[in-house]
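Data block below; observations after.
The values are calculated or read from the model by the stated rules, or taken from the named source; none is laboratory data. Please read all numbers here as calculations on a predicted model, not as lab measurements. Every residue, glycine as well, gets a Cβ built from its backbone with ideal geometry; the counts of neighbours run over all protein chains shown. Just so you know, the surface numbers come from the protein's heavy atoms only, side chains and all, with ligands and any DNA or RNA stripped out. Shrake-Rupley method; radii C 1.70, N 1.55, O 1.52, S 1.80 Å.
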Amino acid sequence: MFAEVIVDISHSEADKIFEYSVSDCGIVAGSRVLVPFGNKTVEGIVIRVKSECEFDKSKIKPVISLLEDVPAFTAETLALSEYVVKTCYVSRALAFMLFFSAEMRKGRVREQFVKYAALADGVDADELSGSLRKSAKKQKELIAFLLENGKTPVAELNAEFGSAVKALAEKNALVITAEKRFRSPYRDLGGSGGKVNLTEKQRQAVNGIVSSEKLTTLLFGITGSGKTEVYLELIDRTLKQGKTAIMLVPEISLTPQMLKKLRARFGENAAILHSGLSAGERYDEWWRLRTGEARIAIGARSAIFAPVENLGLIIVDEEHDGSYTSESAPRYATIDVAKFRSGYNGAKLVLGSATPSVESYLAAKGGEYNLFELPDRINKKPLPEIEIADMRKEVRHGNNSPFSSILKAELSDCLKKGNQAIIFLNQRGYSKTVVCTECGHVQKCSACDVSLTYHREDDSLLCHYCGAKYKMVKACTECGSPYLKYGGFGTEKIVADLRELFPSAKILRMDRDTTQTKEGHFKILNQFASREADILVGTQMIAKGHDFPFVTLVGILDADMSLHFSDFRSAERTFQLITQVAGRSGRADEAGKVVLQTYQPENHVLRQAINYDYKGFFEREISIRKATAFPPYTKIIRVLVQSENEESAVIAVKKIYENIDTVRRERPSVFRFFGCMKAPLKKLQGKYRYQVLMRIDNGNDDILDRIYTLTNAENRGKINAYMEINPNNLT
Ligand code: ADP
Ligand code: ZN
Ligand code: ZN
């Protein structure tokens, strides 16, 4: 027999299939194996086993060994990896990494075993005890203990009975077994909340989804409308059919709270997969899913590649969220991958959101997806009122602080009543920039074309793009003037200001800087949920999904910020963000309130957001997209060229541009836009960035294939060139 193997060598240019011979030892398609490669031994994945081979058989080397008894890949995940190779334009080796993460490979983690001891079969305890010397008291106690308690971990016995364990083992009186121990994350999570009685609307959605012919459903439910209960009920029914489920949330920080709900209802059936886990935990959770011991995979986007078989349901919560598009290779769109798996298995795919992406709502309206709506909050509680604070007026009245007078008054009121507040600001650090008041020079990163953010906690200047850290300067690096001022404020400064305004209030901050540790998110959220703090200040990490019943006030400090991005999705993002953040307020008994600070109070996106008018927003937005030929009516294709040498980048991008132009001339009308330019972020991590930007009518995938080939041809030496399809981030 012969096996076709993809070898796991990183940076392998060669995406070739290698052949090895196998003797009949359980190796099947999907098995991970060790194979000889050059003079090394490497891991590989068998993609096919066959009886014939096209090469000279005498030169074919045998597979060294099988890594696991259970093949890591199933027929479905092998097919899915081929799909990723085709649609994301990546090598097979890279596609496989999505399924089986780096830290799980190369023998870095192994199962953990726990040794147990029990009295060996046929040992008569009394007889054995009697045969021992009088002084062997501990051994006698151990025999009595094992007689009473049975199999016990050896470590525990050693602690209690010391050398007696070894002594009895040497007499062959004990049987020692090794059992696999699962490392399980978030063990102290607890589980609460049983089953609720679904509302009429929730029941309609569940029944509709289950009985529909269509596989994909958009569950359009406002914040707090009980979408999660719909998911739980659907999962319940899926498990009862003997099938498995995948549940995705947009952020790792949201996984523990969802896991808690899943464990409360489905116990050990839930397994969590995300990059924040330790390698061992991840390995164990992965194999629990692979072997069917756990049947619900929960995680952020990468959990869409969970190794479950017999998939019956996929849920993508907050489906509009940008985090579902991967920004590094393989650049997959989670919903597309979900559709592949749904189609392959005939599994239901549920996309849930209070603010669906324009693409999804269009598909639902057009009948391609089912559409179910949950238009009310549970118990008909109203959505919180959103009040606009016009920051232009505040400035005119001499208020230069980050807080409007309305927000200050509301905060004070909220704290007096003993309620909690959330302050949202999408900027971490103390001040966004440091500017010289003499010459206007802004402190910049030496590797990137971006300004540096001041972090007061460690008195440093940080580049938020490459992570470089500089000492805070005492004087302008351009003119030497010591008069520097801070421009724009971040979460650190907001916390400092709030401490001055409300000295007795307890304040927590949640942003990338305060959540570095493994369960960092979880700790802060838990503290806030258990009311150890009155105010939570945070970045978009706090915007999504969290259910804090005592929050009655939300302050949005910089609602317009995302409007300024030169991205076609900026209106959509702004609308989504405001709705999401506002949705954190007034979720329990007391009505909630939101203060939205802005410099453009007349902006139509803000107006529609404060009225929760999603449909109005959608109609306007989709007509703009149609008129201007933007997605979902076209695809945005960007070829990004990066090099440390600016001239080489320019030469390469021009060559790619000219080559694509030949393709364009065959079908010019398909190209709605075609241009070559500097990327908005001109330099990143020491590399100059240039781009070819295109908008191409849908349904021209052959052109995309050709653009990919032309791009890849220049991706060599010191040039890094790659193609992105509908990238999330066009900086
Ligand atoms: P969403 O995910 O749509 O924002 P949730 O599922 O978090 O909303 O529901 C909001 C709150 O309402 C939660 O505290 C949840 O426990 C509660 N809830 C949901 N459905 C019901 C129901 N049928 N009966 C009672 N409470 C419910
Ligand atoms: Zn200066
Ligand atoms: Zn930098």
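Taking every residue in the stretch 193-206 that is closer than 15 Å to Val350 by Cβ and within 16 Å of ligand 3 (Cβ to nearest atom) and pairing it with any residue that is modelled with pLDDT under 95 and assigned to a loop (DSSP other than H, G, I, E, B), at least 6 positions away or on another chain, yields no pair with a Cβ-Cβ distance below 7 Å.
When restricted to residues that are on the phi > 0 side of the Ramachandran plot and either surrounded by fewer than 21 Cβ atoms within 10 Å (Cβ to Cβ) or in contact with an Asp or Glu (Cβ under 6 Å, 6 or more places away or on another chain) (or both), the stretch 196-225 contains 0. Here the stretch 598-626 is the region considered, the condition is being of a type in the set (S, T, N, Q) and closer than 24 Å to Gly221 by Cβ, and the residue that is most open to solvent (accessible area, probe 1.4 Å) is Asn611.
Phe548 passes every criterion in (1) touching a residue at least 12 places away in the same chain (Cβ under 8 Å); (2) in contact with a strand residue (DSSP E or B) (Cβ under 9 Å, 6 or more places away or on another chain); (3) within 30 Å of Tyr688 (Cβ to Cβ); (4) in a loop (DSSP other than H, G, I, E, B) apart from (3). Can you work out which of the residues in the stretch 467-476 that are more than 10 Å from ligand 3 (Cβ to nearest atom) and not in a strand (DSSP E or B) is surrounded by the fewest Cβ atoms within 10 Å (Cβ to Cβ)? Going through the qualifying residues, I end up with Lys474.
For the stretch 378-397, state whether one or more residues are within 16 Å of ligand 1 (Cβ to nearest atom), loosely packed, with under 15 Cβ neighbours inside 10 Å, polar (S, T, N, Q) and more than 30 Å from Val308 (Cβ to Cβ).
Looking for residues that are within 16 Å of ligand 1 (Cβ to nearest atom), loosely packed, with under 15 Cβ neighbours inside 10 Å, polar (S, T, N, Q) and more than 30 Å from Val308 (Cβ to Cβ), one finds at least one in the stretch 378-397, hence yes.
Of the helices (runs of 4 or more DSSP H) lying entirely inside the stretch 579-680, those containing at least 1 residues that are within 21 Å of Met561 (Cβ to Cβ) and over 28 Å from the mean Cα position of the chain (by Cα) span 604-610, 614-628.
Looking only at residues in the stretch 477-501 that are touching a Pro at 6+ places or on another chain (Cβ under 8 Å) and hydrophobic (A, V, I, L, M, F, W, C), which one is surrounded by the fewest Cβ atoms within 10 Å (Cβ to Cβ)?
That would be Phe489.
Filtering the stretch 285-330 to residues that are open to solvent by 20 Å² or more (accessible area, probe 1.4 Å) and under 16 Å from Lys348 (Cα atoms) leaves Arg295, Glu309, Asn310. Reported count of residues in the stretch 441-466, each being more than 16 Å from ligand 3 (Cβ to nearest atom) and open to solvent by less than 40 Å² (accessible area, probe 1.4 Å), is 0. The set of residues from the stretch 310-333 being in contact with a Leu (Cβ under 7 Å, 6 or more places away or on another chain) and of a type in the set (Val, Ile, Thr) comprises Ile314, Ile315, Val316.
Looking across Ile335, Ile315, Ile252, Ile304, one residue alone is in contact with a Phe, Trp or Tyr (Cβ under 6 Å, 6 or more places away or on another chain) and among the hydrophobic types (A, V, I, L, M, F, W, C). It is Ile315.
Output the residues belonging to the stretch 448-492 that are more than 26 Å from the chain's Cα centre (by Cα), basic (Lys, Arg) and more than 14 Å from ligand 2 (Cβ to nearest atom). Residues satisfying the conditions are Arg456, Lys471.
State all residues of the stretch 509-527 that are assigned to a helix (DSSP H, G or I), among the β-branched types (Val, Ile, Thr) and open to solvent by less than 30 Å² (accessible area, probe 1.4 Å); if no residue qualifies, say none.
Of the stretch 509-527, the ones assigned to a helix (DSSP H, G or I) are 512-514, 520-527.
With among the β-branched types (Val, Ile, Thr) added as a condition, the list becomes 514, 524.
Correct list: Ile524 only.
All of Pro549, Pro503 fail the test of being of a type outside the set (Ser, Thr, Tyr) and modelled with pLDDT under 95, apart from Pro549. The numbered conditions (1) open to solvent by 30 Å² or more (accessible area, probe 1.4 Å); (2) within 16 Å of ligand 1 (Cβ to nearest atom); (3) farther than 28 Å from Val537 by Cβ are all true for Glu368 except (2).
More than 16 Å from ligand 2 (Cβ to nearest atom), crowded, with 18+ Cβ neighbours inside 10 Å, charged (D, E, K, R) and closer than 21 Å to Gly555 by Cβ: which single residue out of Lys432, Lys506 fits that description?
The match here is Lys432.
Per-residue answers, yes or no, for (1) within 16 Å of ligand 1 (Cβ to nearest atom); (2) over 30 Å from Ala588 (Cβ atoms); (3) polar (S, T, N, Q):
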site: Pro402; (1), (2), (3): no, no, no
site: Ser412; (1), (2), (3): no, no, yes
site: Asn419; (1), (2), (3): no, no, yes
site: Cys436; (1), (2), (3): no, yes, no
site: Gln443; (1), (2), (3): no, yes, yes
site: Arg456; (1), (2), (3): no, yes, no
site: Leu462; (1), (2), (3): no, yes, no
site: Met472; (1), (2), (3): no, yes, no
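For the residues Arg689, Arg695, Arg672, the requirement of being under 30 Å from Phe618 (Cβ atoms) and surrounded by 19 or more Cβ atoms within 10 Å (Cβ to Cβ) singles out Arg695. The set of residues in the stretch 106-124 being modelled with pLDDT under 80 and open to solvent by less than 20 Å² (accessible area, probe 1.4 Å) consists of Val109 alone.
So, Glu359, is that one under 20 Å from Thr579 (Cβ atoms), assigned by TED's automatic domain parsing to the domain that holds Ser253, in a helix (DSSP H, G or I) and not hydroxyl-bearing (Ser, Thr, Tyr) or not? Yes, satisfied. Considering Val473, Val495, the condition of being under 25 Å from Gly583 (Cα atoms) and either aliphatic (A, V, I, L, M) or in the same structural domain as Glu644 (by TED's automatic domain parsing) (or both) is satisfied by Val495 alone.
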